[in-house]
Amino acid sequence: MSVLEVKNLTHTYSGNTPFVNDAVSNVSFTVEKGEILGIIGHTGSGKSTLVQHLNGLLKPTDGQVLFSGEDIWENPKEIRKIRSKVGLVFQYPEYQLFEETVYADIAFGPKNMGLDGDELDSRIKEICRIVGVKPEYMEKSPFDLSGGEKRRVAIAGVMAMRPEVIVFDEPTAGLDPKGRENVIKIIKDYREATGATVIIISHSMEDMAVLADKLLVMNKGNLCMFDTVEKVFSRGNELRAIGLNVPIVTRVFAELKAMGIDVNENIFTVEAAVNELKRIRAGDGNA
Amino acid sequence: MDNLIEVKNVTYEYTDEETVHTAVKNLSLNIKKGSFTVILGHNGSGKSTLAKMLNGLNKPTLGDILVDGINTKDEANELEVRRKVGMVFQNPDNQLVASIVEEDVAFGPENLGLEPSVIRQRVDEALKAVDMYEFRKSTPHRLSGGQKQRIAIAGIIAMQPLCLVLDEPTAMLDPKGRAEIVSTLIKLNHEKGITVILITHYMEEAEKADRVVVMNDGEIISDGAPSEIFKNVEQLKAVGLDVPQTTELLYNLQKNGFSVSTNVISIKEAACEIASALHSEEK
C-alpha cells in the first residue's frame, strides 16, 4: 500500500525573474508503507528541495503530493497537520536544539501536537529507550552533550511525534564512524519498533547499501532512476557519470570480474561479499 | 631540520562552568616539509583543537608550536603564522565571501596588500591549481559543493602558504566532490610541494597519504604509513574509528579462513589479494 505519492512535482525557485531555476522538475514516485527509501544525487540535484515538499514545508509550483491518497494541499489552512504525520529531520539537526533540558527539547514536538501529562511523559520515555538517550541525560542542557549525543536528541525530538513517515536529510554527515553507525542503528530500531516508513538522503553509497530497500536517484532536478538497490547499483557507469558511485566493495567485485574470476557482481555489502567468496571457494573445492 | 611544524609537549585546556577540560594532552608531533599527513580520530578526540593550534587560532596552554621556526605563542608572529599555514573548514558556504569566484579568491591576497598585478597573477595560478580557472567569472552559489570547496582552497593557495590544514573538507560533499578534493590536494602536494594536513572521517581518503596519525582523547595513539595503521582493525574500532571498506572486506575474509593480508587499501590491490587467495585454494 502506498503511503506517499508524488505526482509530476515541479518546484521553481525565483519564478518570474531572470534567475528562474527548476530545482525539481516533473518528478513522480510512490513510497510504500514500511519501506526504507534512499535518495541519492549530486550536491544541488534537488534532493533537499524534493523532500521538503513531503511535509508541506514547500508548496509544489506544479504537481501534487498525496498522503494516504489525499492531496496535502487540499485545504492549505490544515497544512500543519501533515507535519506530525511526515516528520523531517534536517541536515545537522543538532543546530536546532534550543530548550533548557534534553527532556524539554524532545517534548517540544509532541506537546505542539496536543499531548500532555502522562501520555507525553510515556511517549518521551519510550522514544528515549528506542534511540538510546540515557535517563540521566534528561535534565541536562542539550548544549552540554557531545556532537553525536546532540544529534541523537534532535532525532528523538522528531521521532517523539511518532510520524508515520520520517525523512532524514543526510543524517550521518559530519559524524565519525562510530557516530554514523549509531545513527544507522537508531533509524533501523525506530522502524522495527514502529513500522514507520523511512526516507533517507545520503552521500554514502555504503550506508545506502546496508539500509535501503529502494533507491531514488536525482540528477539536475530530474528523477533518473527509481528501483531496487540491486538494480540501481548495477548501473555503475551511469551513476559515475552523474557524480555518484557504487559502494567500494562493489568496485572490488567489478575488478575481480575484470580479472576473469566468475563472481556475482551484484554485491553491495561486506557481508554479501564474504558469503559470495565463500561460495566460490566451496565450489572450487568440489570441482 | 626539514620539519615545517614542530609540536612540542603541547597541552590545550579550556574551561566551561568552572570545569577544566583537557582537549590535547602533552602531545608532540613533527610535520615534515612537503609531506601529506591524514589525522583521524572520533568526534571530540582533539583533532580540530590541534588543527586550530597549527595556525595560531588556538594557543597552547602548555608547550610550544613552531611553524617554520616561528613560535605561534608570540602575538607578534600571528600574521606570519597565518600566512604560512592556511586553514580550510567543513562547510564551503561559510568560507566564501564574494559573489564572483575570482573576487573571492582575491580576498586573501588583497588583504596582504599586494600589487594588483601580483594579485591577478596569484588568483589565476590558484584557480588553475584547483582546476577552476574556467569558472573564474561564475558566481559561487551556482557551483556544486565540491567546486565551492575547491574555490575555498584556491582562496588559501593564493596567499601562498607553506602548509594547508583542512578540517573535514569533504564532510558535506557527494562522492564526486570528495574525489575532486582529494585529487586536488594530492596535486598541490606533488606539484607545488605544499605540505598537507587533512582531517577526515572518510577512511578511504587516507589511502594516498604518506602518513596517518590517529588521535584518541587528546593523545596520539598511532602514527605510521596508511597500510600499517589500517592493519590494526580492532584497535581502530575500539577507539570509534573504522577502516576503509576494502580493508574491512579483507579483514572479514581473513576471519573466515582466507589467506589474505589486510595491509592493502586500494581497490585494485584488494582484488589482487582476493584473486591470489582463491587461486592458492585451488591448488
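The numbers here are math on the coordinates, done by the rules we state, and not lab data. Keep in mind that what you see is a predicted model, and the values were worked out from it rather than measured. Quick reminder, even Gly has a Cβ in these numbers, built from the backbone with ideal geometry, and neighbours come from all protein chains shown.
Can you pick out the pairs among B:Lys73/B:Lys137; A:Lys134/B:Lys59; B:Lys84/B:Lys268; A:Lys81/A:Lys150; A:Lys59/B:Lys148 whose Cα atoms lie more than 31 Å from each other? Spell out each step's value before the answer.
Values: B:Lys73/B:Lys137 40 Å; A:Lys134/B:Lys59 35 Å; B:Lys84/B:Lys268 37 Å; A:Lys81/A:Lys150 27 Å; A:Lys59/B:Lys148 28 Å.
As for pairs spanning more than 31 Å Cα to Cα, those are B:Lys73/B:Lys137; A:Lys134/B:Lys59; B:Lys84/B:Lys268.
Is the C-alpha gyration tensor of segment B:96-159 telling us rounded, prolate or oblate? Criteria: a/c under 1.5 is rounded; beyond that, a/b larger than b/c is prolate, otherwise oblate. Intermediate values should be presented prior to the final figure.
Working: a/c = 1.88, a/b = 1.64, b/c = 1.15.
The shape class here is prolate.
Could you give the size of the charge dipole of chain B about its Cα centre, using +1 on the Cβ of each K and R and -1 on the Cβ of each D and E, expressed in debye and rounded to the nearest 20?
Numbers: 30 positive and 42 negative charges, 115 e Å.
Taking the Cα centre of chain B as origin, the dipole is about 560 debye.
Would you mind calculating the relative contact order of chain B from Cα pairs under 8 angstrom and at least 6 residues apart, reporting the percent as a whole number? Kindly include the intermediate steps, with their values, before the conclusion.
Working: 530 pairs, mean separation 57.7, N = 283.
Once normalised by length, the contact order is 20 percent.
Label points 7 Å out from Cα along the Cβ direction at B:Arg142 and A:Glu136: separation in nm?
5.6
What is the magnitude of the charge dipole of the protein assembly as shown about its Cα centre, with +1 placed on the Cβ of each Lys and Arg, -1 on the Cβ of each Asp and Glu, and no other charges, expressed in debye to the nearest 20?
Working: 64 positive and 83 negative charges, 171 e Å.
The calculation lands at about 820 debye.
Under the classification rounded if a/c is under 1.5, otherwise prolate if a/b is larger than b/c and oblate if not, where does the protein assembly as shown fall, given a ≥ b ≥ c as square roots of the Cα gyration tensor eigenvalues? List each step's numbers first, then the result.
Values: a/c = 1.39, a/b = 1.19, b/c = 1.17.
The shape class here is rounded.
Quick one: dipole size for segment B:244-283, taken about the Cα centre, charges +1 on Lys/Arg Cβ and -1 on Asp/Glu Cβ, in debye to the nearest 20.
Values: 3 positive and 5 negative charges, 7 e Å.
Result for segment B:244-283 is approximately 40 debye, rounded to the nearest 20.
Run the numbers on segment B:244-283 and let me know its relative contact order in percent, using alpha-carbon pairs under 8 Å that are six or more apart. Walk me through the intermediate numbers first.
Numbers: 29 pairs, mean separation 15.0, N = 40.
The normalised contact order for segment B:244-283 reaches 38 percent.
Roughly what would the spin-label model give for A:Thr10 and B:Lys255, points 7 Å off Cα along C-beta, in nm?
5.2
First measure r as the distance between the Cβ atoms of B:Asn3 and A:Met113, then evaluate 1/(1 + (r/R0)^6) with R0 = 51 Å and state the FRET efficiency to the nearest 0.05. Show your work: numbers first, answer last.
On the way: r = 60 Å, r/R0 = 1.17.
FRET efficiency, B:Asn3 to A:Met113: 0.30.
From the residues A:Pro110, A:Tyr95, A:Ile127, which one has its Cα farthest along the dipole of segment A:2-246 in the positive direction, the dipole being from +1 and -1 charges on Cβ of Lys/Arg and Asp/Glu about the Cα centre?
Highest projection toward the positive end goes to A:Tyr95.
Give me the inter-chain shielding for B:262-275: mean count of other chain Cβ atoms within 10 Å, whole number please. List each step's numbers first, then the result.
Details: counts 0, 0, 0, 0, 2, 8, 5, 2, 6, 11, 3, 1, 10, 6.
Other-chain Cβ atoms within 10 Å of each residue's Cβ, averaged: 4.
For chain A, what does the relative contact order come out to in percent, with C-alpha contacts under 8 Å and a separation of six or more? Could you put the intermediate results ahead of the total?
Working: 494 pairs, mean separation 62.4, N = 287.
Averaging sequence separation for qualifying contacts and normalising by length gives 22 percent for chain A.
I want to check the label-to-label distance for A:Asp144 and A:Ala193. Put each point 7 Å from Cα in the C-beta direction and report it in nm to one decimal.
2.4
Choose one of B:His201, A:Ile267, A:Trp73: the residue whose Cα lies farthest towards the positive end of the charge dipole of the protein assembly as shown (beta-carbon charges +1 Lys, Arg; -1 Asp, Glu; about the Cα centre).
A:Ile267
Is the shape of segment B:244-283 rounded, prolate or oblate, going by the alpha carbon gyration tensor and its root eigenvalues a ≥ b ≥ c, with a/c under 1.5 for rounded and a/b larger than b/c for prolate?
Details: a/c = 2.77, a/b = 1.41, b/c = 1.96.
Taking the square roots of the gyration eigenvalues as a ≥ b ≥ c, segment B:244-283 is oblate.
Multiply the residue gap between A:Lys178 and A:Val20 by 0.36 nm, knock off their C-alpha separation, and tell me the result in nm, one decimal place. Mind dumping the intermediate values first?
On the way: separation 158, 0.36 × 158 = 56.88 nm, distance 4.18 nm.
Contour length minus the Cα-Cα distance gives 52.7 nm.
Counting only DSSP beta bridges with both residues in the protein assembly as shown, tell me the antiparallel percent, nearest 5. Don't skip to the end; give the middle numbers.
Numbers: 43 of 78 bridges.
Of the beta bridges lying entirely in the protein assembly as shown, close to 55 percent run antiparallel.
Between B:Phe36, B:Asn58, B:Val88, whose Cα lies farthest towards the positive end of the dipole of segment B:12-102 when Lys and Arg beta carbons carry +1 and Asp and Glu beta carbons carry -1, centred on the Cα centre?
B:Phe36
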